[in-house]
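In what follows, a single structure is set out as structure tokens and then discussed.
Since every read-out is calculated from the coordinates, none of them should be taken as a lab result. Please read all numbers here as calculations on a predicted model, not as lab measurements. As a convention, Cβ positions derive from the backbone with ideal geometry for all residues, glycine included, and neighbour counts pool all protein chains shown.
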Amino acid sequence: MARVEDIPQPTRDAAVSIACPSFDTAPFVTGPALSRRKVAIVSSAALIPRGAQPFPIGSAEARFLPASIPPNDLLISHVSINFDRTGFQRDVNVVYPLDRLHEMAADGVIGGVADTHYTVMGSTDPVGMTEAADRIAAQMRLEGADTVLLSPV
Amino acid sequence: MLESRGLATVAIAAVRAQAENTRPPRALWTSSQLGRPLGEPGDAAFQRRVLLAALGLLERTDGPVILEEFHDDPPAWTDHPAWVAPRVAMPGTMPDTPSAWADAFAAELRSLTPAWERVQARFGRTTTGLSFLPPTEWPSFVDHCLAGDLPLIDGHATTALGLRFLCDDIKAFYGEAGQAVGPAPSSRQVDTWFWRATIGGALLQALRRTGMESGNNALKTVSGRMFVPAPWVV
């Protein structure tokens, strides 16, 4: 588990000591009640539909995951071999919780689920992801989605 | 970055130190294993509780920064005593030629294929596929790699990339075969079986050693870093 003492070396030192970017601003967007929010997932697992090209190492791109892609067709193309895949092999929701979000929308806990979700390559400096963030934000605005669940691996 | 574009965000934080350093607007730190942000495969109730805790942070107005902890450990962190590893016939001595490796690997793949097919029926999917090669073609490809050739796979520009993704596929195949029946094992149980008790695990170690001695720099790099996780290197 991701308690520091439980992460095997050398991943532990890398996870703790990795340089994290700092930002000049600290935006904080408030919004309506959860029951009125439309939620999109952003996964750092570099997910690809079966048959697609895996993410290149160090890629700063964002790829879209439209609802037309069955979650069970998704593969992890993340560069790191130092995190567990067996959970994902058993249940895609452990990384990409689309079924859970749809259940919560059906129950009225959240207002809705976005038509498009997004994935990027983790272990990549986010400073280079400006264009990716622009594309995600534009698509979310187009769909009326207002809330992002960041699901890192 | 998304928050500055007008979107409210909440992160499930895998490593607390990173969340504290990055200072996102909202984050829920969980004790989930890396690679399982929602915590527990096949446990919708646990996953839903993680999501409710994370999304609930969106209703608070006392940020930034809001960093909260999810206190429950996912159940499958601990080994499951009822899980039984698939039976494979590990030879007493390791193969000593590329073709012998390929033959032993092919035999093991054949013996595990029924379990691998069962798991696809059970969970509705396989997570193999990154290499674009079906399992029946894996032994021949690794035979060439161990022999020092630089074979290519359609769709991957270099041997290094093709072999990198083939190693991911091999690990996925065994991980899935190991979960064909019975309760969810811990990842440690599956890893211990794969890396210490299968030809497939030993093969990846051999590919790593061979690749690191290659004159091809890309192959040398991916072999050292992307075939065998550091805790399992022998």
(message) Under the rule of at least 5 residues apart or a separate chain, name every residue whose amide H is placed under 5 Å from the amide H of residue B:66.
(response) B:26, B:27
(request) Compare the peptides B:50-63, B:198-211 by average per-residue count of other Cβ atoms within 10 angstrom and give them in order, highest first. (result) B:198-211, B:50-63
(request) List, in order, the whole-Hz ³J(HN,Hα) value for each residue of the range B:32-40 obtained from phi through the Karplus relation with A = 6.51, B = -1.76, C = 1.60 and θ = phi - 60°; use x for Gly and Pro. (result) 5, 5, 4, x, 9, x, 8, x, 10
(message) Give me the base-10 log of I(q)/I(0) for the protein assembly as shown at each q in 0.12 Å⁻¹, Debye formula, one uniform scatterer per Cα, rounded to two decimals.
(response) -0.91
(request) Give a residue-ordered list of calculated ³J(HN,Hα) values for the range B:165-180 (Karplus: 6.51 cos²θ - 1.76 cosθ + 1.60, θ = phi - 60°; whole Hz; x for Gly, Pro). (result) 6, 5, 4, 4, 5, 4, 4, 5, 4, 5, x, 6, 4, x, 10, 5
(message) If amide hydrogens are placed 1.01 Å from N in the peptide plane, which non-local residues have theirs closer than 5 Å to the one on residue A:110?
(response) A:105
(request) Starting at the first residue of the range B:185-190, write each ³J(HN,Hα) from the Karplus equation 6.51 cos²θ - 1.76 cosθ + 1.60 with θ = phi - 60°, in whole Hz, x for Gly and Pro. (result) x, 6, 4, 5, 5, 5
(message) With both bridge residues required to lie in the protein assembly as shown, what share of the DSSP beta bridges run antiparallel, to the nearest 5%?
(response) 30
(request) Measure off 7 Å from each Cα along the Cα-to-Cβ vector at residue A:127 and residue B:89, then give the distance between these two points in nanometres to one decimal. (result) 5.7
(request) Over all alpha-carbon pairs of chain B, lay out the pair-distance distribution in 5 Å bins, whole %, shortest bin first. (result) 1, 6, 12, 14, 14, 12, 12, 10, 9, 5, 2, 1, 0
(message) Starting from 0.36 nm per residue, how many nanometres of slack lie between residue B:65 and residue B:113 once their C-alpha separation is accounted for?
(response) 12.4 nm
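Averaging sequence separations of C-alpha pairs under 8 Å and six or more residues apart, then dividing by the length of chain B, give the relative contact order as a whole percent. Write out the running numbers ahead of the final one.
Numbers: 304 pairs, mean separation 40.4, N = 234.
Dividing the mean separation by the residue count of chain B yields 17 percent.
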(message) Pick from B:215, B:155, B:92 the residue whose mean-square fluctuation is largest in a GNM of chain B, springs joining Cα atoms under 10 Å.
(response) B:92
(request) Report, in degrees rounded to the nearest 10, the 0 to 90 angle that the Cα long axis of helix B:199-212 makes with the longest principal axis of chain B. (result) 90
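Can you give the % of DSSP beta bridges in the range A:34-151 that are antiparallel, to the nearest 5?
Details: 9 of 18 bridges.
Counting DSSP beta bridges with both partners in the range A:34-151, the antiparallel share is about 50 percent.
Evaluated at 37 °C with a viscosity of 0.692 mPa s, what Stokes-Einstein diffusion coefficient in µm²/s does the range B:72-191 have when Rh comes from the Kirkwood expression over alpha-carbon pairs?
On the way: Rh = 15.7 Å.
Calculated translational D: 209 µm²/s.
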(request) Take every Cα pair under 8 Å in chain A that's 6+ residues apart, average their separations, divide by the length, and report that relative contact order as a whole percent. (result) 39
(request) Could you tell me the convex hull volume per residue, in Å³, taken over the Cα atoms of chain A? (result) 138
(message) What does the structure give for B:185-191 when I average, per residue, the other chain Cβ atoms found within 10 Å of the residue Cβ?
(response) 3
(request) For chain B, find the longest principal axis of its Cα atoms and tell me its angle to the long axis of helix B:98-123, 0 to 90°, nearest 10. (result) 40
(message) If amide hydrogens are placed 1.01 Å from N in the peptide plane, which non-local residues have theirs closer than 5 Å to the one on residue A:60?
(response) none
